[in-house]
Each structure stands twice: as structure tokens, then as C-alpha cells.
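Comments concern the structure below.
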Number of protein chains: 2
Amino acid sequence: MPDSLSTTEPTQILAVNDHRYAYRRFGRGPRRPLLLLQHFTGTLDNWDPAVTEPLAREREVILFDNAGVGRSSGKVPTTVAGMARHALAFLDGLGVTTCDVLGFSLGGMVALQVAQDRPSIFRRMILAGTAPRGGEDIMHLEKPALSRHFADPKLQGYAILTKLFFAPTESSQAAAQAFVARLMQSAQRREDRDPPAGPEVAAAQMAAFREWEQFQGERFADLRGIRPPTLVVNGVHDEMIPVSNSYRLAEHLPNAVLLVYPDSGHGSLFQFHESFTRQAAAFLSSESPFAPY
Amino acid sequence: MPDSLSTTEPTQILAVNDHRYAYRRFGRGPRRPLLLLQHFTGTLDNWDPAVTEPLAREREVILFDNAGVGRSSGKVPTTVAGMARHALAFLDGLGVTTCDVLGFSLGGMVALQVAQDRPSIFRRMILAGTAPRGGEDIMHLEKPALSRHFADPKLQGYAILTKLFFAPTESSQAAAQAFVARLMQSAQRREDRDPPAGPEVAAAQMAAFREWEQFQGERFADLRGIRPPTLVVNGVHDEMIPVSNSYRLAEHLPNAVLLVYPDSGHGSLFQFHESFTRQAAAFLSSESPFAPY
């Protein structure tokens, strides 16, 4: 893969109040900016260029390290609500008053919380491999289907993602190898890289998952007030955040299209990056008040 | 709507063995023909031109009355398997050895059965508002959510479809009125119309639904052998064949994308006909061995 904006654009630091947020912005075009919110332990360097580059052709894409992740200062909040406050502080500091959002996994939960806290901020939302508050079986890394991968000494570095983000079929594992190769290629960027997330980041984010599973009152009722047209995306064999959570999002959000990919897991957007970016671009480009595109 | 192919193309009769099948074919283009398989009690005159016309721009579309429906001879089979045999006899008689299929509701079940009986026949499948064998809560017209509409004297003719095929929201009901207006416009075709289906057709098709709910051995295991790339479509508030059946299709078919529309019911493809025909055309035009498009 040739040098490209997502891998060459310098990391910038935005100071807001007492915080410093690391981010990268690249791409241009007539559309609203697209904020990307990252998964568990992911940094700026974990975004797949096969997803970010095509999306950046028609709009500015903004990658962002939440507090305590990568080179952003502070401690990682132990609640999604805390992460949502940082995301809003970052957007306010940047002067972005309205944008679209792509939230993957933990990032999707942050997107949902931000949309509740400030309904005017997102015009269109893409929620990939994520769950509503009160969702089920969210990131239980201790269950055997997942813990066996963490116990496997052959799965160092990005290699574990071939198991966590993909299905065990031959075709999905081939896509997994291509995904890791793209991340490794990006990793040839030897300078200006984020430090990988350590155990403290992981522990705080896991606490946030546990808190997100709790709910009060009528389950999923909070989704009814989230009005932006939304595209919910998942792989049908997601072991980290099961697809049933995406079903619940589509059933309770008032204006959400659900797109489920076969033969894939948590990282279906990376496995089917050509389809995903085509669908995402079509969805984001629609001016309809309705989500279908 | 001006005169158009779907409403002006004459009905043809194909004689195969002792049977006569009524059908219409229209449209042209570089793609494989698309066979359309119809819903409970639907005839050739029940297809929405807002769905059939755009699809006919790149391919020939073939509408077909199964045995005992409309002007096709014989008795309506009381099993989906019987309907599948007639569909295959029709395609054989027409000399179509391979095509794509759009099966809506009952038609989707027939498509699934045909794909099992002759794996070579369908290259790509679209299954809208339907259910696998062993699915749940299939067309229980006796349940209060549906029976109240049949008991409503204000819902004569096509009007009942505004309740059966759409959600009760203002936006879905507006789409329902537009759908009925399109069918009424088509009904200005005063000659060459199918007779509406009577109680005998309904009774036989209801028997087929009851038989389709039964399963032997491992539930949904039969879906694993259905290999063509498939697009499963449903409205999230389908009361006739709940969306959970579409979830099961996507989970057990090996190569199926699931697309679920918000704010809509059984007839989501009619409510969101612009989106549906755009998505369907993109899916059908893909040459990938994988369903994502």
C-alpha cells in the first residue's frame, strides 16, 4: 500500500482545559466531517486504512484518542459517560458543532452516549459491532470462546485480532491476515506512533463495559430519543459483542437500518471493507430524514 | 404513473404437462432474469410497480402465478414443497436454466425450497419478509394484532394491506397510502387482470404455512446447504412474519447479508422502494462469490 493520508498525516495535540487530546484529521470533500471512535484498547494506529481512506475521499475524517489512550492525557474513564464527556470536549475544542460519527465497538457506545447528551451534534451515525446500554454478553473476555486466544502464545501483537475480530472459517481467516498485513504496513510509520494501550487502559475500559451492561427502568427505552438516521453494522458471528445487541439497536432506535454481514465476526467492517465503505458512503451521503439509503 | 411495462405487458400462458401457468415478463438488460415469487393470496396484479419497474431496467423480470392462483390452472398445493415443484416446472417449461430470484413472504419460502431442490437454478437470491422452515409465528392471522384488521369493515380490498404490510406510525401509514395508490393505478388495467384469490387459495396457502413451521432434526440445519449469495430483507416491525425469522436466516444461511428497515412492517420493500430497488440492483449486479455488495 502506498503512503496515504491515514498513515502519513501527523498526529496533532489539542489542548482543552487541563486536557491534551491526540488526533489526526485527513481527507476532504463536500460532506460533513466524520468522527471515528475507537474500540477497546485501540489507538490512532489501530484504524484500518482500507476503511479510513475510502471514507476520506468525500469528507474530512477525524481520528481521536479518548482520555488516557495513546498520547491523550489523563486517566481512562471507567464509564462510557465519562468517555462521552471527553469526546464532546474534544469536538468543542476543535470547533466542530455538527458532524457524522462512526463508532466501532466501545466507540459505538460512546457515540450513543454523546448522541443522548447532545442531540444536535451528530447528523448521521454508523454503529459497528456495538451494543446499547443494557446489552448482553458485552466483551466478556473471560469466557472460553475468547480467553483461549489470550492464553495462546502464538497470538502476539496484532495476531490475536485474527481470532477476536474474525470468524474461524477459511475465508474469514484469509481476510484477517489481509487486515493484519494492512495494520503492519501502517506500522512502518516508525515515528509519530501512539504507545500501545497497557493494562490500566484495558482495566478502565472493561469497567466501562460492565457499567454499560447495567440499566434502570425499561430496557432500551433510552434509545427511543436518539433521532439521527443510523446505520447499525455487525458480523453475524461476533463473539465479543454478539449480533443480538445489534438487533436490539435496530429494534429500539427509531430510525436505524441494520446491515449484518455473513461469515464474519466483530471486525466485519474490516473483512468486507469494500462493501462497508461503499454502504457507509451511500448512507452518509443521503440527505433523507429517513435512515434507508 | 404513466403506462409502464409491468402494467401493460400482456399476461402469457405457458402449458407444461397438464398445467397452464400465467406469467408476465418485461424489461431487458445485460443481467440474468429475475423471477419474482409472490406473497399469500397475491396475484400478478399485486406486484408494486415501484419495485418491479426499477428492477426491470437492467434485466428481464418474470412474474408468475403458482398453481391455482390467478389464471394458473390446478389446485393450490398445501405445502411449500408442492409450490416449489410448480415453480421449477414453470422455469423448465420456459427454458430458464439459471436466474436470480426475489421471493416475498410465501414466495421467499418457495425460493428457499427451490434452492434446496435444485441448487443450480438460482445464482443470487433476495428473500423479503419471509422465514426459514421451522420459523416462528408465521402468518398467524388469528392473533389479535392481525385478526382485528380482518374484522374491520373499513378495510376493504387493498386497504387492509395498509395495516398488514405497514407499521402504525404516521410515516409508515403515509407510505402505505402511496403503495395502495400505486396498486390502484395498476388496477386501471381493466382487461387482462387476474381474478383475486378466493378462500380456497387462502386455505391451501395457510396449510402450507403451518407445514412450513414444522421441522425435523436440527432446527435450521437445512439452510447450511443453500449456497447462493443471498440478501435477506425485512421491516423491523413485521407482524405477519416477525423479523426474528430474518435473523435466523442470516445466522444459518452461509452467505447472506441481512438488511432490516426501520419504521416498517411486512412490506418494507414497498415502503422504502427507492432504497430497496437500489440495494437489490447493487446486490444482483455483483459478481462476487460473497454476498456483501
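The values are calculated or read from the model by the stated rules, or taken from the named source; none is laboratory data. All values reported here derive from a predicted model rather than from experimental measurement. Using ideal geometry, Cβ is built from the backbone for each residue, glycine included, and neighbour counts are taken over all protein chains shown. Heavy atoms of the whole protein, side chains included, go into the accessibility calculation; ligands, DNA and RNA do not. Shrake-Rupley method; radii C 1.70, N 1.55, O 1.52, S 1.80 Å.
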Of the residues B:LEU112, B:LEU141, B:LEU146, B:LEU127, only one is in contact (Cβ under 8 Å) with a residue 12 or more places away in the chain, open to solvent by less than 10 Å² (accessible area, probe 1.4 Å), more than 16 Å from B:LEU253 (Cβ to Cβ) and among the hydrophobic types (A, V, I, L, M, F, W, C); which?
B:LEU146
Find the residue count for region B:217-227, including only residues that are surrounded by 14 or more Cβ atoms within 10 Å (Cβ to Cβ), touching a helix residue (DSSP H, G or I) at 6+ places or on another chain (Cβ under 7 Å) and not aromatic (Phe, Trp, Tyr).
3
Out of curiosity, is B:ALA291 surrounded by 21 or more Cβ atoms within 10 Å (Cβ to Cβ), in a helix (DSSP H, G or I) and within 11 Å of chain A (Cβ to nearest Cβ)?
no
Does A:ASP18 meet the test of being among the acidic types (Asp, Glu) and closer than 23 Å to A:ARG190 by Cα?
no
Here's a check for you: in region A:28-41, which residue that is farther than 17 Å from A:THR97 by Cβ and at pLDDT 95 or above is most open to solvent (accessible area, probe 1.4 Å)?
A:THR41
Select from region B:205-263 the residues that are touching a residue at least 60 places away in the same chain (Cβ under 8 Å) and among the acidic types (Asp, Glu) and write down the one among them that is farthest from B:GLY103 (Cα to Cα).
B:ASP263
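Here is a yes/no grid of residues against (1) more than 16 Å from the chain's Cα centre (by Cα); (2) within 7 Å of chain A (Cβ to nearest Cβ); (3) open to solvent by 10 Å² or more (accessible area, probe 1.4 Å):
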{"site": "B:ASN234", "(1), (2), (3)": "no, no, no"}
{"site": "B:HIS237", "(1), (2), (3)": "yes, no, yes"}
{"site": "B:PRO242", "(1), (2), (3)": "no, no, yes"}
{"site": "B:GLY267", "(1), (2), (3)": "no, no, no"}
{"site": "B:PHE272", "(1), (2), (3)": "no, yes, yes"}
{"site": "B:THR277", "(1), (2), (3)": "no, no, yes"}
{"site": "B:PHE283", "(1), (2), (3)": "yes, no, no"}
Can you tell me which residue among B:GLY82, B:GLY70 is closer than 26 Å to B:LEU141 by Cα and buried (at least 22 other Cβ atoms within 10 Å of the Cβ)?
B:GLY70
Conditions (1) open to solvent by 40 Å² or more (accessible area, probe 1.4 Å); (2) under 17 Å from the mean Cα position of the chain (by Cα); (3) basic (Lys, Arg) -> A:ARG57 fails only (2)
For region A:175-211, how many residues meet the condition of being open to solvent by 30 Å² or more (accessible area, probe 1.4 Å) and within 17 Å of the chain's Cα centre (by Cα)?
3
Conditions (1) touching a residue at least 60 places away in the same chain (Cβ under 8 Å); (2) within 29 Å of A:VAL260 (Cβ to Cβ); (3) surrounded by fewer than 18 Cβ atoms within 10 Å (Cβ to Cβ): number failed by B:LEU164:
(3)
Hey, B:GLN214 hits all of (1) over 17 Å from B:LEU106 (Cα atoms); (2) polar (S, T, N, Q); (3) open to solvent by 10 Å² or more (accessible area, probe 1.4 Å) but one; which does it fall short on?
(1)
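Quick grid of which residues meet (1) among the aliphatic types (A, V, I, L, M); (2) closer than 25 Å to A:ALA159 by Cβ:
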site	(1), (2)
A:LEU44	yes, yes
A:GLU53	no, yes
A:CYS99	no, no
A:ARG118	no, no
Residues located in region A:246-258, provided they are within 9 Å of chain B (Cβ to nearest Cβ), over 20 Å from A:ARG59 (Cβ atoms) and of a type in the set (A, V, I, L, M)
A:ALA250, A:LEU253, A:ALA256, A:LEU258
